[in-house]
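Engineer: This structure is in structure tokens; I'll ask about it shortly.
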Amino acid sequence: MYRRYSIMKQLLNDLIQNWWNNPLPVIRTRDVNLLSYFDPNVRKIISVVGFRRVGKTFTLLDFAQKYGKDKCVYINFEDERVPKKTEILSTLPDLLTELKGNQPFVFLMDEIQEIPQWNMWARRINETTQHRLILSGSSSKLSSREIPTELRGQTITIPMFPLNWNEFLRFRERDTQSLSHAHVLNLLREYLTFGGLPEVVLVEEGLRPLILADYLSSFVDRDIVERYKLRNKEAFADLLRLLPNIRSYTYSKLANSLKGTGHTISKATVIRYMQWLEWSFFIARVEVFSANVKKRIQTVKKSYLIDNYFSSHFSSTLSANLGYMMEQAVFHTLHIRSTWDPRYDLTYWKDYSDNEVDFVVLHNKGVKELIQVTFASSIAEVPQRETRALIKAAKVLGQSSGRIITWDVEGAATMEGIEVLYTPLWKWLA
């Protein structure tokens, strides 16, 4: 027992010394600034959650750079050298006391959910010491929805997403004010096609497919197979390929589609798979607008993948459908806003004549805005069905206006008493 403790202690000492002695990598700033949520005098655990490789680790490192690296200790629990044992956590405070006396530290714990009983350790540290905790993870175990009972009321959940348009431009060191219009649209095409995962944005185009394949493999193996003990990997993989190629679905329809490819799978299993994908931050669901909760649950749903690059990767068409990619970019922006501000909600609208509006933005349960998305470079190119559906939805929902987000059209027109606003995507995203 003592020998095992000594080995654990030496390993931790090596990790800590390595952290203190080596410089931080180049860190590009994101819109999320953890320092603005942190107060060393307040006993709150900050948990940073989100899909793999969206930038959670660099957000922790950004905090260390701003707060003071010498006042922080960073450990990545997916490091193969770190044993997945509770003792690794228990040893840490005593070792720091031995090294630095009573100095309080901020523990930056990456993927801490890999360690058994992490939640009880986190509560004890938070309640009984001057150390403070900032945790990150790709699992919903750290989110406010699934946070363990021991930590209820003690955490602040910070969601992380792929780069938004403005972050993408900063990472690429581009300023739309100094670029030609054609160059801006070229960057927008790149953003829509390759998405906003930070590493993908920064590497050469030829390496992007290899990086994406690695991300998918890590996601499926660690966040699905290992966590949920997935047995039918083939059916799950086909579901991933299927989702970007269907605009709407019911669980029965998904099950039948998978049966059509040779899988023996039930509706209940499909529901479970879709829940896992949501809990792992890979997809987000949008339900139809209705005051009837039962109808919202039972009606056809739409799901959007966490990043456009996954959709273009899985697309069954040879070239990306820019209209759908635009719709996804709009969804990502609206979804982030509704995640940060619970007063917002996001649905879509559809009537019995199959008129459909992409997004109904709700605020305090009331309709705030109707948004249609279409790939058009002139008003004449906007499909009549898109405009007709928007006008009908506005009348039904008591709205005086609606917005059509376009590729390169800006202006306004009044039709049947409804003001239709045309906004280029790159301007709307900004």
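Engineer: When all protein chains stay in place, what accessible area (Å², nearest 10, 1.4 Å probe) is found for Ser90?
Structural biologist: Looks like 50 Å² after rounding.
Engineer: Same structure, new question: Given a Förster radius of 25 Å and the C-beta distance between Glu234 and Glu204 as r, what FRET efficiency does 1/(1 + (r/R0)^6) yield to the nearest 0.05?
Structural biologist: Taking R0 as 25 Å, the efficiency between Glu234 and Glu204 is 0.15.
Engineer: When the scattering of region 43-186 is computed by the Debye formula from its Cα atoms alone, each counted once and equally, what is log10 I(q)/I(0) at q = 0.16, 0.17 Å⁻¹?
Structural biologist: At q = 0.16, 0.17 Å⁻¹ the computed log10 ratios are -0.86, -0.94.
Engineer: Sorted by average packing, counted as other Cβ atoms within 10 angstrom per residue and highest first, what order do 184-190, 16-22, 279-285 take? Please list the in-between numbers first.
Structural biologist: Values: 184-190: 16.9, 16-22: 12.4, 279-285: 19.6.
Descending mean neighbour count gives 279-285, 184-190, 16-22.
Engineer: On to the next question. Kirkwood hydrodynamic radius, region 254-394, all distinct C-alpha pairs: what's the number in Å? Numbers along the way, then the final one.
Structural biologist: Details: mean 1/r = 0.0596 Å⁻¹.
The answer is 16.8 Å.
Engineer: How far is helix 384-396 tilted, in degrees, relative to the longest principal axis of the Cα atoms in the chain, given as a value from 0 to 90 rounded to the nearest 10?
Structural biologist: Tilt relative to the chain: about 80 degrees.
Engineer: Under a cut-off of 28 Å between alpha-carbon atoms, report the lysines in cross-link reach of Lys69, not counting same-chain residues fewer than 8 places apart.
Structural biologist: Partners found: Lys9, Lys44, Lys56, Lys84, Lys85, Lys100, Lys141.
Engineer: A follow-up question, please. In degrees, nearest 10, range 0 to 90: what is the angle between the Cα axis of helix 233-242 and the longest Cα principal axis of the chain?
Structural biologist: Tilt relative to the chain: about 40 degrees.
Engineer: Another one. If you compute Rg/Rh (Cα atoms, Kirkwood Rh) for the structure shown, which of (1) 1.03; (2) 1.00; (3) 1.18 do you land on?
Structural biologist: Recomputing Rg/Rh (Cα atoms, Kirkwood Rh) here picks out (2).
Engineer: Per DSSP H run of at least 4 residues, take -39500 (n - 2.57); add these up for the chain, divide by its residues and hand me the 222 nm value, nearest 500 deg cm²/dmol. It would help to have the intermediate numbers written out before the result.
Structural biologist: Numbers: 16 runs with 177 residues, N = 430.
Rounded to the nearest 500, it is -12500 deg cm²/dmol.
Engineer: Let me know the charge dipole size of the chain about its Cα centre in debye, to the nearest 20, where only the beta-carbon of Lys, Arg (+1) and Asp, Glu (-1) is charged.
Structural biologist: On the way: 56 positive and 47 negative charges, 279 e Å.
My answer is approximately 1340 debye.
Engineer: I'd like the orientation of helix 267-279 relative to the chain: the angle between its Cα long axis and the longest Cα principal axis, in ° from 0 to 90, rounded to 10.
Structural biologist: For 267-279 against the chain, the angle is about 60 degrees.
Engineer: Search the structure for amide H atoms under 5 Å from the amide H of Ser47, placed 1.01 Å from N in the peptide plane, and list their residues when 5 or more places away or on another chain.
Structural biologist: It is Leu135, Ile156, Thr157, Ile158, by chain and number.
The values are calculated or read from the model by the stated rules, or taken from the named source; none is laboratory data. These numbers were taken from a predicted model, which means no experiment stands behind them. Backbone-built Cβ (ideal geometry, glycine too); neighbour counts: all protein chains shown. Only protein heavy atoms, including side chains, enter the accessible area calculation; ligands, DNA and RNA are left aside. Shrake-Rupley method; radii C 1.70, N 1.55, O 1.52, S 1.80 Å.
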